[in-house]
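The values are calculated or read from the model by the stated rules, or taken from the named source; none is laboratory data. None of these values were measured; they are calculated from a predicted model. Cβ coordinates were reconstructed from backbone atoms using ideal geometry, including for glycine residues, and neighbour counts include every protein chain displayed. When the accessible area is computed, the model is the full protein with side chains, heavy atoms only, and any ligands, DNA or RNA have been set aside. Shrake-Rupley method; radii C 1.70, N 1.55, O 1.52, S 1.80 Å.
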Amino acid sequence: MLRITITVENPTKDFQDRLIELLKAHAGQVDLDTAWTYDRARRYYLALPARAQRIIKEAASREGGFVSANDLRDEESSSLRGHAAPLKRILEKGVREGWWPAGMQPPIEAQGPGFGKVVGYHMSEDLVSTFRMAVDGA
């Protein structure tokens, strides 16, 4: 097996598009690194607005990676509307900007009965320490 790691800082859009097309053409032989690393987690966290950062910070600081919606509510507002939308947007932006490859799994997932209501957010236990270090280093 041959393992090649490529890092391209600030690629032009044309270069990035051509490289992605090349990789797609050889997808059967290419294994993308979609793991959350300290650097990726830190970049993700820093790109989020403050309310979404709080969700990541609270989940990463708790045993089991779960933070309840009640713990995220503050005295000013009992609504969490709009807090979580940036979590998905930044994940998508990271792909567009070349911060990480397509296929990265969201680091945190809403938990709840659906229909916009959440009882909390859960971060996989294998990501908690990575995101805790990223938040602490931010």
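The table for this structure:
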item: Qualifying residue in the range 64-86 (condition: within 12 Å of the chain's Cα centre (by Cα), aliphatic (A, V, I, L, M) and either on the phi > 0 side of the Ramachandran plot or at pLDDT 95 or above (or both)); result: no
item: Residues satisfying the stated conditions in the range 29-48, i.e. within 13 Å of the chain's Cα centre (by Cα) and at pLDDT below 95; result: THR34, ALA35
item: GLU58 vs. criteria of a type outside the set (Gly, Ala, Ser), in contact with an Asp or Glu (Cβ under 8 Å, 6 or more places away or on another chain) and in a helix (DSSP H, G or I); result: yes
item: Residue satisfying all of: in the range 22-53; basic (Lys, Arg) and surrounded by 12 or more Cβ atoms within 10 Å (Cβ to Cβ); nearest to ALA134 (Cα to Cα) among these; result: ARG42
item: Residues being out of contact with any helix residue (DSSP H, G or I) (no Cβ under 9 Å at 6 or more places or on another chain) and part of a helix (DSSP H, G or I) - total across the range 17-45; result: 12
item: Set ILE90, ILE108: member being touching a strand residue (DSSP E or B) at 6+ places or on another chain (Cβ under 7 Å), modelled with pLDDT of 85 or more and not polar (S, T, N, Q); result: ILE108
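Matching residues to (1) open to solvent by 60 Å² or more (accessible area, probe 1.4 Å); (2) basic (Lys, Arg):
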position: LYS88; (1), (2): yes, yes
position: GLY112; (1), (2): no, no
position: VAL119; (1), (2): yes, no
position: ARG132; (1), (2): yes, yes
